Structures are given as C-alpha cells and as structure tokens.
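Right, one structure below, let's go through it.
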Amino acid sequence: MYDVFALPEFQFPKNFLWGSGYAGHQVEGNNPNNQKAAIEELQYEEKSGMACNSWELYETDIALMQELEHQAFRTSVEWCRIEPEPGVFDKEATDHYIRFFAMLKERGIKTFCTLVHFTHPLWFEQIGHFMKMENWRYFEEYLHYIVPKLAPYVDFWNVINEFNLGNWPERIPYKLNSVRYHARAYHLIKQYSSAPISSNHALVHYMPYRPFDRMDNIATQYHDMIDHEFFFHAIRTGEIVYPHRDGVYDPDVKDAIDFWAINSYTRSLIDSRTAAMERKTYDHKRLTMVDKDFYLEELFPECMIANLSRLHDKPIYITENGLSTLDDRFRIVYLITYLNAIHEAIRQGADVRGYLYWSLLDNYEWASFKPRFGLCHVDFDTFKRTVKPSGYFYREIIRENGVNNAMIRRYLKELPTLDHANPQFQRPFIYPGYLEK
C-alpha cells in the first residue's frame, strides 16, 4: 500500500481537462442487436438486461456530471441502434444520440465520442466484421451517416476502442485491419469535423515475472511489440509490422492520429514458462476488492510513468483509468496515487492534457455486474444513482486542479485494508464516521 498522507501537494497544468466516461452497451440497457448481447445470451449467467437504464436516464447522468463539476465526458454511440439492418438507419435512435451530445455541449461539458466501443451490429458480425477489409464499405456508409450529424457537438473523436490487445489466431487480422479501418475513418471524419481524432489504446504495462530472467524479458518485449509497438510504429511510419506477417506500407495510416487516447489500469506479469505467458500479480500485491476473480487486483501507478514516457510525440488524454472495488476508500487511494504518477510523467515531458476517470457509474462489466468502477453507485433494481465519497473527492480534485493533504484527510481517516477475517470487510460504500459532512 502507498502512504498517501505523506505525499506532497501537486498541481496539474493550467486548463487541464477533467471528466469521466462510460460505454453505451454497459449502461443503456435493452440493447440486444449487437454481437456482445448475442454472446451474453449463449455464454453468460448475468446478462446486460436494462444495465443502468441510461437510455432513459441520460439526463440524470448529465445532472450527476454537473453536480460533480466534470468538464468532459466520454461515451459511445451504439452502431446497432443506429443501423439495425444494413442500409436501414433508425431516426429515433439517431435523434437520441444527437440530443445526448447536444445537451452535454449546452451544459459546457466537452465530449469524447467513441464510434465503436467493443460492440457492432450483429449483422456486421455475421459477415465477418472488421476481420475483412472488404467490409469497410459498410463502416464507411455508417460514418457518412452519423459523423456529420454529431459533428457540431463532438470535441474529440475516438474511432475504435482497444483493438490492440490479444494474439490468438482470429484476433490478429482484426487488430491489423482495425489499424487501417481507423486510418480510413480518420480521413473520412476530417471531411466533416475539425475536432481531433484518435482510437483508444489499451496500454498495459508488461513486466517480466522474473526481472532478470532472459527468457521472461524476451517474452515481455514480444508482448509489448504485438500489443503496443505495432500500432505506435504504424502511426508514426505508415508501416504495419507484425510477427509472421509480411510488412505492409499504407500511406493513409501514417500520422492518422491527432492525440494519443490512452486507457491504462495496471501491469501484467509475463512468465515465459507458462503457455499463456502471463501470470497473476505477486501475492503480496494482490488486492481482491470485489467478489469475483478480476484482473484489476493490484494498484500499480508506476505504469503511468512508464507508459506515458514513450509517447512524447503527440498530446495525450487519459480516456480510461479507474478501479473496481466495493470499498470506496481504495478508489480514493487509487485516484491519489495514479494522478500523482501522471503528474510525474508530465514533469518528465509527457504532454498529458486531460484525465477521464472510468467510470461515472457502476455498470455492466461485459459479463457481470459485480465489478464496481463507478464514482456513483447504481441500484440495479431501481436504477437510483448515489454519489460515492470518491465522486465528491474527485470533484475537489477538479476544483483544485490537483491534490493536497487537507483534501485527503477530509476523505480518509486511515489507510484502508482488506481484512477478510473481519465480517465488515465488504462494507457499503458509505459507512458511519467515514466521511465528515
């Protein structure tokens, strides 16, 4: 654990942008016509169902953003709602997203629009989706339809969310084609909008399980190349290079990003002695904070310093960073330590211009409602939203444009601990005597 009470005060640059985000399918509810919903029905005990009912309650969500003084918000548009069948566009769904983005704009909240956040229409899945370059014409038609309608209200575009991870056989063509889909979309969006464009990159910090083992270090470099450097290299040079594939030069790809949109959470340990080449974090670092085996069981803010130091060629926005926990005190510690690490990366030369916490609400985490990322608690029976202490703490960070000790002590009485022997271990997110009103 980190002693946050010992941290010196730190401030962010003037005009630093603060906010949060969420994704359409995880919060909207009643969204059955994409490929993820089809998988849920076949494979998962927990379905997304009504999720947070944000399709109906988006104005409530915007009111929460205003209460918490967020300056920016990232959300996605669900392609499957807008184009439920090839070439058939739903005006009601389109108007809904226009109202949502227009209202954010009217309330002075800058908007990050993600065009594909893990979900696409089921019909697009059935014809091979992004695995086939010949399917570009369908994505192109969709973009020509939706982009000019949203352009007056969008401040930042994100084309495709987190396509960069994974190395199983069917994943590789998806990753490599997505680079080119992104680049083509970049040039298409420029026809309608002057807002900066990126795609969200999941920047996992890979580290060798055995720090001085040659094989673990080689495996770590390999993982970094196939998940990160292949994309950074493509954007910087136009050259798409990947193991066991002939290199391809595509002039449309070169420099087809205006800022790095970085989603970063923690590190992953690489173990060359296992078939998957990955291993869970060390026992002394593991923090099991929800009633579920989950990948975010370690606080490792150093990943921000390591990851952002390699991206000195363009502005950076952190478009996802957050913690899943039932004990909201850990979220406060997480915010303090990760923001301090981002501050250090800025001191080292990274041009970080904004931070979007993930996420505004507790939501459906693709297979389960158990992971709890939200600054606001959601009762999934009534859909009532309640701001957690971390939400108010984050509001103070926004107001101060930084963190100081007095602020920390208003929200934390002591460093939290996960005492599994204590029946009070999984306490509600608000507990007596914790937060001074």
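The values are calculated or read from the model by the stated rules, or taken from the named source; none is laboratory data. Just so we're clear, the structure is a prediction, and the values are computed from it rather than from any experiment. FYI the Cβ positions are ideal-geometry reconstructions off the backbone, even for glycines, and counts take in every protein chain you see.
Structure above, values below:
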| read-out | value |
| --- | --- |
| Residue within the range 164-173 that is assigned to a helix (DSSP H, G or I) and either β-branched (V, I, T) or buried (at least 21 other Cβ atoms within 10 Å of the Cβ) (or both) present | yes |
| Matching residues, the range 322-349, being touching a strand residue (DSSP E or B) at 6+ places or on another chain (Cβ under 6 Å) and part of a loop (DSSP other than H, G, I, E, B) | G322 |
| Unique residue being of a type in the set (A, V, I, L, M, F, W, C), on the phi > 0 side of the Ramachandran plot and in contact (Cβ under 8 Å) with a residue 60 or more places away in the chain when the list is W366, W358 | W366 |
| Candidate set from the range 1-38 (those that are of a type in the set (G, A, S) and more than 20 Å from the chain's Cα centre (by Cα)); member that is surrounded by the fewest Cβ atoms within 10 Å (Cβ to Cβ) | A6 |
| Residue among R279, R273, R245, R214 that alone is at pLDDT below 95, more than 22 Å from I318 (Cβ to Cβ) and either among the aliphatic types (A, V, I, L, M) or out of contact with any helix residue (DSSP H, G or I) (no Cβ under 6 Å at 6 or more places or on another chain) (or both) | R279 |
| Test: residue in the range 268-279 that is under 17 Å from S178 (Cβ atoms), among the basic types (K, R) and surrounded by 12 or more Cβ atoms within 10 Å (Cβ to Cβ) | no |
| Where a residue in the range 382-408 is surrounded by fewer than 20 Cβ atoms within 10 Å (Cβ to Cβ) and its partner, wherever it lies, is at pLDDT 95 or above and among the charged types (D, E, K, R), with Cβ under 6 Å and at least six apart | R395/E69; I398/E69; N404/E9; M407/E396 |
| Count of residues meeting criterion [in a helix (DSSP H, G or I) and without any contact (Cβ under 8 Å) to a residue 12 or more places away in the chain] in the range 186-221 | 3 |
| Residue tally, condition surrounded by 13 or more Cβ atoms within 10 Å (Cβ to Cβ), out of contact with any Leu (no Cβ under 9 Å at 6 or more places or on another chain), β-branched (V, I, T) and not in a helix (DSSP H, G or I), over the range 62-114 | 2 |
| Residues of the range 122-146 satisfying the condition of being free of Cβ contacts under 8 Å to residues at least 40 places away in the same chain and crowded, with 18+ Cβ neighbours inside 10 Å | W123 |
| Residues satisfying the stated conditions in the range 1-36, i.e. without any contact (Cβ under 8 Å) to a residue 40 or more places away in the chain and in a helix (DSSP H, G or I) | A6 |
| Search result, residues across the range 360-375 that are surrounded by fewer than 24 Cβ atoms within 10 Å (Cβ to Cβ) and either of a type in the set (D, E) or closer than 22 Å to E400 by Cα (or both) | E365 |
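Conditions (1) free of Cβ contacts under 8 Å to residues at least 24 places away in the same chain; (2) aromatic (F, W, Y), marked per residue:
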| residue | (1), (2) |
| --- | --- |
| K47 | yes, no |
| C52 | no, no |
| W55 | no, yes |
| Q66 | no, no |
| F73 | no, yes |
| A93 | yes, no |
| F112 | no, yes |
| L115 | no, no |
| H120 | no, no |
